[in-house]
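Chemist: Here it is: the structure, laid out below.
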Amino acid sequence: MDVRHLQLLRELADRGTVTAVAAATYRSPSAVSQQLHTAERAFGAPLVEPDGRSLRLTAAGRLLATGAVEVAVTMARLQRELDDLHGEPVGEVSIAALPSAAELLVPPLLVRCAGTGISVTLADEDVAEADFAARAADYDLVIGHSLAEVPAGADRLVAVTVAAEPLDVAVPAGHRLAGRSRVTAADLAGENWIGVPIGYPFDTVRIAIENRSGAQLDVVQRIRDNRVVEALVAAGVGCALLPRFTTRPRTDLVTIPLVDVRSVRSIVALGRPDRMERAAVRAVLEHLRLIGAGLS
């Protein structure tokens, strides 16, 4: 049984298409298809079948793809135990992170890793919640957020919550609610609202506010970048949700806790099970948890 064949089937299961596997592994689609045929001959069973203009794994292919994960985890665990015999963890850990989560967690992470054998490379990714899990095929850790405990699509990954951050209602400094110590969903009825694109976690809070109050918010803009949202709120365009720890203090904007709708985002680190076994990854994950635990 060739481990490379198992890895190929796993990549197809995770990435979905031959073209995506080819791009990720720096091969041509025809080369990947040829390797799939070679794997079928080696295993003595059809592993893929037509699915429209694409291919999908057969039952045998899915079985082997699942087994490939178990093999990879076992090998990674053995490598970690071997590395442990040599002392402190070393190596590069690649991270893709939501920008606001990266701003909160990565600078102190780099300080903690300075002078150790661990180096961290960062990519900032601002995508819909359902798309964070797919990034785990290309990075050791993906830091996303969710209003649930585990982001959508992460069922085949290890998910670790590293921080919990309240989302506050942001209003212009001269707004009728600006002097409140807290607000309710009913207080926001009829307000212009600066939301996020549909499918992004904060939008579920907007829906919960509407359900709680029985009145719709007037969504006048949908913006991903929190700095742009801050500027729009300060200019009086509308109210919004902003994360408590990474919203910069400014005189023209006020943030207020929302008390009758759950508005806390979980900042979650996702990773493939085998990558989570790496000593360097586990060390970085522990640093992130300690940083998250210290937030207030």
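Chemist: Looking only at segment 114-139, count every residue that is surrounded by 21 or more Cβ atoms within 10 Å (Cβ to Cβ) and either at pLDDT 85 or above or under 26 Å from P89 (Cβ atoms) (or both) and tell me the total. Give the derivation first.
Modeler: Filtering segment 114-139 for residues surrounded by 21 or more Cβ atoms within 10 Å (Cβ to Cβ) gives 118, 129, 132-133, 136, 139.
Those left that are additionally either at pLDDT 85 or above or under 26 Å from P89 (Cβ atoms) (or both): 118, 132-133, 136, 139.
Going through segment 114-139 one residue at a time, the tally reaches 5.
Chemist: Which pairs have Cβ atoms under 6 Å, sit 6 or more apart or on different chains, and link a residue in segment 13-33 that is in the same structural domain as L64 (by TED's automatic domain parsing) to one that is exposed (fewer than 14 other Cβ atoms within 10 Å of the Cβ)?
Modeler: T17/S54; A22/S28; P29/T19
Chemist: Restricting segment 140-152 to residues that are surrounded by 16 or more Cβ atoms within 10 Å (Cβ to Cβ) and not in a strand (DSSP E or B), which is nearest to the chain's Cα centre (by Cα)?
Modeler: If we filter segment 140-152 for residues that are surrounded by 16 or more Cβ atoms within 10 Å (Cβ to Cβ), which is where we start, we get 140-147, 150-152.
Among the residues that remain, those that are also not in a strand (DSSP E or B) are: 140, 147, 150-152.
Details: D140: 12, L147: 12, V150: 9, P151: 7, A152: 9 Å.
Only one residue fits best here, namely P151.
Chemist: Please determine, by comparing only the residues of segment 81-113 that are out of contact with any Asp or Glu (no Cβ under 8 Å at 6 or more places or on another chain) and among the aliphatic types (A, V, I, L, M), which one is surrounded by the fewest Cβ atoms within 10 Å (Cβ to Cβ).
Modeler: L85
Chemist: Another one. Might you check whether a residue that is assigned to a strand (DSSP E or B) and touching an Asp or Glu at 6+ places or on another chain (Cβ under 8 Å) occurs anywhere in segment 122-139? Walk me through it before giving the result.
Modeler: Just the residues of segment 122-139 that are assigned to a strand (DSSP E or B), to begin with: 122-124.
This time we only want the ones that are touching an Asp or Glu at 6+ places or on another chain (Cβ under 8 Å), so: none.
For segment 122-139, residues assigned to a strand (DSSP E or B) and touching an Asp or Glu at 6+ places or on another chain (Cβ under 8 Å): absent.
Chemist: Mind checking which residues of segment 207-229 are surrounded by fewer than 16 Cβ atoms within 10 Å (Cβ to Cβ) and assigned to a helix (DSSP H, G or I)?
Modeler: Answer for segment 207-229, where residues must be surrounded by fewer than 16 Cβ atoms within 10 Å (Cβ to Cβ) and assigned to a helix (DSSP H, G or I): I207, N211, R227, V228.
Chemist: Another question, if that's okay. Filter segment 153-173 down to residues that are modelled with pLDDT of 95 or more and farther than 15 Å from L98 by Cβ and give me whichever is farthest from the chain's Cα centre (by Cα).
Modeler: Once the filter is applied, the top-ranked residue is A173.
Chemist: How about segment 46-59: which of its residues are within 30 Å of the chain's Cα centre (by Cα) and closer than 17 Å to L6 by Cα?
Modeler: Scanning segment 46-59 gives V48, L55, R56, L57, T58, A59.
Chemist: With the condition being of a type in the set (D, E) and at pLDDT below 90, I'd like the strands (runs of 3 or more DSSP E) fully within segment 1-98 carrying at least 1 qualifying residues. Break it down stepwise before answering.
Modeler: Numbers: elements: 48-51, 54-57, 90-97.
Correct list: 48-51.
Chemist: Does segment 263-296 hold any residues that are charged (D, E, K, R) and farther than 16 Å from L242 by Cβ, and which are they?
Modeler: First, the residues of segment 263-296 that are charged (D, E, K, R): 265, 272, 274-275, 277-278, 282, 286, 289.
R272, D274, R275, E277, R278, R282, E286, R289, listed by residue number.
Chemist: Right, next: When you look at L36, is it free of Cβ contacts under 8 Å to residues at least 40 places away in the same chain, more than 28 Å from the chain's Cα centre (by Cα) and buried (at least 16 other Cβ atoms within 10 Å of the Cβ), yes or no?
Modeler: When the stated conditions are applied, L36 passes them.
The values are calculated or read from the model by the stated rules, or taken from the named source; none is laboratory data. Note that the structure is a prediction, hence the values are computed from the model and not measured. Cβ atoms come from the backbone with ideal geometry, glycine included; neighbour counts cover every protein chain shown.
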